[in-house]
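Participant: Sharing a structure, written as structure tokens. Questions coming.
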Amino acid sequence: MSDKATLVIMAAGMGSRYGGLKQIDPVGPNGEIIMEYSIYDALKAGFGKVVFIIKRDMEETFRELIGKKIEGLIDVEYVYQKVDNLPQGFSLPEGRVKPWGTGHAVLSAKDAVKTPFAVINADDFYGANTYKLLSDFLSSNKDSDDKYKYCMVGFIIENTLTENGHVARGVCNVDSEGNLIDIHERTKIMKFDKEAKYTEDDRNWMVIPENSIVSMNTWGFNQSIFDELEKGFPVFLNSSMDNLLKAEYFLPTVVDRLIKEGKADVKVLSTTDKWYGVTYQEDKQNVKKSIGDMVSEGKYPMNLWGK
């Protein structure tokens, strides 16, 4: 077994705002999808395995679209995020169809991940620097006797917004040594001229300070996170009893708790790269153009896999 880091790609989300399976929409000059660029960058940065977290009914599509292209280049495994995968003593609430969120997604990959690992979203383009930062951290930061050693790639908020609607981001407080102090999941952030603002009630909008660092669900973990996710899930379910049709077990919330409990040090690795993503259908043209420009500049080959 390779001790190279594993790339875990969360691809089971439903894409409700987008209106379709945005994870598999082509954006590259030869029909490449966003996560192909992520895998290409991760391979170059030294990752040795990719684990796709998907819904079971998407597996055939995934194998066809991307699996076959990369199976000879990197170890590949598929795991399923199943809405009925619940701890003992819990049953699926009637009417719940939506996956249980990013914390539950990562927990689904527990048996497939045997090394330090990075977590990313399937539909976000992070840039090559992100994977280099993650790979370097994961190869040299093991948990100590008294602290988990994790990391997060932090993006400047202005580099992560869309012109086409609102987005969700984890807004971070970072100390002078680059350690994450806390993270607040803001589920409705919008661009107002040059300012970013968020709301929690759809009426009052609060300004997010310029150049704030946000999480784009780009994490580096040692395997200790799996036990913490497992322990925290029943607690989350019990505390969400009044909202079990919609509540989500967010990965950043679990990380935030571990920092507050003094169990984890989380290093924020900052990048000035621009994020590209397809939250909305209208975002797609911008992503296609940006990737096309990068291909023209020689940052990526015209045909990623040379086939």
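Participant: Could you compute Rg(Cα) / (2.2 N^0.38 Å) for the chain, with N its residue count?
Facilitator: For the chain, the normalised Cα radius of gyration comes out at 0.96.
Participant: Of 39, 296, 125, which is farthest on the positive side of the dipole of the chain, counting Cα position, with +1 on Lys and Arg Cβ, -1 on Asp and Glu Cβ, and the Cα centre as origin?
Facilitator: Farthest towards the positive end: 296.
Participant: Cα to Cα, under 20 Å, and not fewer than 8 places away if on the same chain: which aspartates and glutamates meet these conditions relative to residue 68?
Facilitator: 25, 32, 36, 41, 57, 59, 60, 77, 123
Participant: Cβ under 15 Å from residue 241's Cβ, residue 241 left aside: what net charge do those residues give with Lys, Arg +1 and Asp, Glu -1?
Facilitator: For residues surrounding residue 241, the net value is -1.
Participant: Ratio of alpha-carbon Rg to the 2.2 N^0.38 Å globular estimate for the range 176-222, to two decimals, please.
Facilitator: This ratio for the range 176-222 stands at 1.36.
Participant: Here's something else I'd like to know. Given the -39500 (n - 2.57) contribution per DSSP H run of 4+ residues, what per-residue ellipticity at 222 nm results for the chain, rounded to the nearest 500 deg cm²/dmol?
Facilitator: Rounded to the nearest 500, it is -7500 deg cm²/dmol.
Participant: From the backbone phi of the range 50-63, what are the Karplus-calculated ³J(HN,Hα) couplings (6.51 cos²θ - 1.76 cosθ + 1.60, θ = phi - 60°) in whole Hz, Gly and Pro given as x?
Facilitator: Running phi through 6.51 cos²θ - 1.76 cosθ + 1.60 with θ = phi - 60° gives 10, 10, 8, 9, 9, 7, 3, 6, 9, 4, 4, 4, 5, 4 Hz.
Participant: Continuing with this model, one more query. Taking the Cβ of residue 174 as the centre, find all other residues whose Cβ is under 10 Å away and add up their charges (Lys, Arg: +1; Asp, Glu: -1).
Facilitator: Net charge around residue 174: -2.
Participant: Does the range 169-249 come out rounded, prolate or oblate, given a ≥ b ≥ c as the square roots of the eigenvalues of its C-alpha gyration tensor, rounded meaning a/c under 1.5 and, failing that, prolate meaning a/b above b/c?
Facilitator: oblate
Participant: Given C-alpha coordinates of the range 1-148, what is the ratio Rg to Rh with the Kirkwood estimate of Rh?
Facilitator: 0.98
Participant: Excluding same-chain residues fewer than 8 positions from residue 149, which aspartates and glutamates have a Cα within less than 19 Å of its Cα?
Facilitator: 3, 136, 175, 177, 182, 227, 228, 230, 256, 261, 265
Participant: Quick one: dipole size for the chain, taken about the Cα centre, charges +1 on Lys/Arg Cβ and -1 on Asp/Glu Cβ, in debye to the nearest 20.
Facilitator: That gives a dipole near 440 debye.
Participant: Another question, if that's okay. So what's the net charge close to residue 63: Lys and Arg +1, Asp and Glu -1, counting the other residues with Cβ under 11 Å from its Cβ?
Facilitator: Around residue 63, the charge tally is -2.
Participant: Give the Rg (one decimal place) followed by the Dmax (whole number) of the range 93-230, computed from C-alpha coordinates and expressed in Å.
Facilitator: 16.5, 48
Participant: Another one. Within the range 223-307, how many Lys pairs sit with Cα atoms under 28 Å apart, leaving out pairs fewer than 8 places apart on the same chain?
Facilitator: Qualifying lysine pairs in the range 223-307: 18.
Participant: Let me ask something else. How big is Rg to Rh over the range 75-114, alpha-carbon atoms, Rh as the Kirkwood inverse-mean-distance radius?
Facilitator: With Rg and the Kirkwood Rh in hand, the quotient comes to 1.01.
Just so you know, all these numbers are worked out from the coordinates, no wet-lab data involved. A quick note: this is a predicted structure, and the numbers were derived from the prediction, not measured. Positions of Cβ are backbone-derived with ideal geometry, glycine not excepted, and every protein chain shown enters the neighbour counts.
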